[in-house]
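Written out below as structure tokens is the structure these notes cover.
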Amino acid sequence: MHKWVWGKGDARLTIEVFVSSEGPLAARRRLVKLATSSTMAIVPYVRGPADLGDVSTIFTIPPKSARLIWAYKNVCVTIKAHEAPGIDVTKIAGALQEHLASHVVPRIDEVVPRIEHVELSAKKVQVHEPLTIRIRMRKEDLARDLLVDITDSNFALRFGGNLGLVTTVSADTPGPRKLTILVTDKSTLLSAWATVTLEVTPPIEDPSPDHD
């Protein structure tokens, strides 16, 4: 998901684009989740423009906010305008929908980036010991502008520089680790992911010298 926010004074325009690399079901589920995640007694959305994407819904409670959500193929787009009465979210949505429709491909699995292998410099390291992670991509993916994200099941990683296809990390606490590697094409938001496991052991302390 990528999010853009424009502001002037109290006015805000927000556009969020969610792209599923597995097909349209995840995009429709996101639409339902966004439209029903409300503390209001009723769902404040009704069906949106019939010609917008595959299915759309629009926020029905004016006047300060306007919200429009729609799913098209494997993409879910949200437009929010707050304190911006001069902005027509339906016109913006129509322009974005035209852009989406012009970039449809026959098979999404042929354009999704692909992780071939993830190599760890070691399967067992000590606390604070550097670990090198190398992500092997297909040759044709290397020309893309890729964004790398690495998360730890225990949220206790330190990165030795920027994240990339070769990244150095260390852990603050001992224990088993499950790392999730996510690689995203910045231009399409299509992504690939893989998981690797390792063991982090307590640091070995130097024995204190004996004294008489």
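Points to keep in mind about this one:
- Answer residue from region 75-105, given it is part of a strand (DSSP E or B) and at pLDDT 95 or above and is surrounded by the most Cβ atoms within 10 Å (Cβ to Cβ) among those: Cys76
- Every test in (1) assigned to a loop (DSSP other than H, G, I, E, B); (2) more than 28 Å from Asp185 (Cα to Cα) is passed by Ile58 save one, and that test is (1).
- The set of residues from region 2-52 being touching an Asp or Glu at 6+ places or on another chain (Cβ under 6 Å) and surrounded by fewer than 11 Cβ atoms within 10 Å (Cβ to Cβ) comprises Lys3, Asp10.
- Residue list for region 106-120, restricted to those being under 27 Å from Val148 (Cβ atoms), open to solvent by 70 Å² or more (accessible area, probe 1.4 Å) and outside any strand (DSSP E or B): Arg107, Asp109, Glu110, Arg114
- Filtering region 121-143 to residues that are closer than 25 Å to Thr188 by Cα and either among the small types (Gly, Ala, Ser) or part of a loop (DSSP other than H, G, I, E, B) (or both) leaves Arg138, Leu142, Ala143.
- All positions within region 144-165 that are in a strand (DSSP E or B) and either more than 16 Å from Ile115 (Cα to Cα) or open to solvent by 40 Å² or more (accessible area, probe 1.4 Å) (or both): Leu147, Asp149, Thr151, Asp152, Leu157, Arg158, Phe159
- Residues in region 17-32 that are within 22 Å of Pro113 (Cβ to Cβ) and out of contact with any helix residue (DSSP H, G or I) (no Cβ under 9 Å at 6 or more places or on another chain): Pro24, Leu25, Ala26, Ala27, Arg30.
- Of the strands (runs of 3 or more DSSP E) lying entirely inside region 1-51, those carrying at least 2 residues that are out of contact with any Cys (no Cβ under 6 Å at 6 or more places or on another chain) and aliphatic (A, V, I, L, M) are 11-19.
- Region 67-100: number of residues that are touching a residue at least 24 places away in the same chain (Cβ under 8 Å) and under 22 Å from the mean Cα position of the chain (by Cα): 17
- Residue that is nearest to Leu179 (Cα to Cα) [pool: residues in region 131-143 that are modelled with pLDDT under 95 and open to solvent by 60 Å² or more (accessible area, probe 1.4 Å)]: Leu142
The values are calculated or read from the model by the stated rules, or taken from the named source; none is laboratory data. Please read all numbers here as calculations on a predicted model, not as lab measurements. Heads up, the Cβs are rebuilt from the backbone with ideal geometry, glycines too, and the neighbour counts pull from every protein chain shown. Side chains included, ligands, DNA and RNA excluded: accessible areas come from the protein's heavy atoms. Shrake-Rupley method; radii C 1.70, N 1.55, O 1.52, S 1.80 Å.
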